[in-house]
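Novice: I have a structure I would like to understand better, so I am pasting it below and will then ask my questions one at a time.
The values are calculated or read from the model by the stated rules, or taken from the named source; none is laboratory data. Here the structure is a predicted model, which means the values were calculated and not measured. Note that we place each Cβ from the backbone using ideal geometry, even for glycine, and neighbour counts take in every protein chain shown. Calculation scope for accessible area: heavy atoms of the full protein, side chains included, ligands and nucleic acids excluded. Shrake-Rupley method; radii C 1.70, N 1.55, O 1.52, S 1.80 Å.
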Amino acid sequence: MDTQRLEDLARLRRVRDRIDRDYTEPLDVEALARGVHWSAGHLSREFRRAYGESPYSYLMTRRIERAMALLRRGDMSVTEVCFAVGSSSLGTFTTRFTELVGMSPGAYRKQAPGPGAGMPPCVAKQVTRPVRNREVRAAGPPLA
């Protein structure tokens, strides 16, 4: 790989790390781009090319993953979870949660122990990671 591509990948990792660390903060693509001295459009294109989704989608996925964990604990209301993960609107949070998880936050909270029950947290995180319906690949022919 050439030096410029390696520098770009390092910048993208810094952006992704910032999203992972500061997901509860009000982040937008423009602020993330300023942090690595890129334009918002360039950051979005390069982030999608490297990680397969936009910075905003990545941020929302992180917030929803954390919300799922908080809802499974059961000691917070949906509204409290919404604001704890950095969302500023309960309606938007509920819509995005439902889009990613396939059920409302309230329904998710009421369900029986999730698929991660009894698993180590590192495995449960992978198993319960929300996936958008359009991202689910069609099942191929069964392996023999």
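Novice: Keeping all protein chains in place, calculate the accessible area per residue for segment 1-118 (probe 1.4 angstrom), answer in Å².
Specialist: It amounts to 54 Å² per residue over segment 1-118.
Novice: Another one. With an 8 Å cut-off on Cα pairs and a minimum separation of 6 or more residues, tell me the relative contact order of segment 5-65 in percent.
Specialist: It comes to 35 percent, rounded to a whole number.
Novice: Using mean Cβ contacts within 10 Å as the protection proxy, how do 6-13, 78-85 order, highest first?
Specialist: Averaged packing, sorted descending, gives the order 78-85, 6-13.
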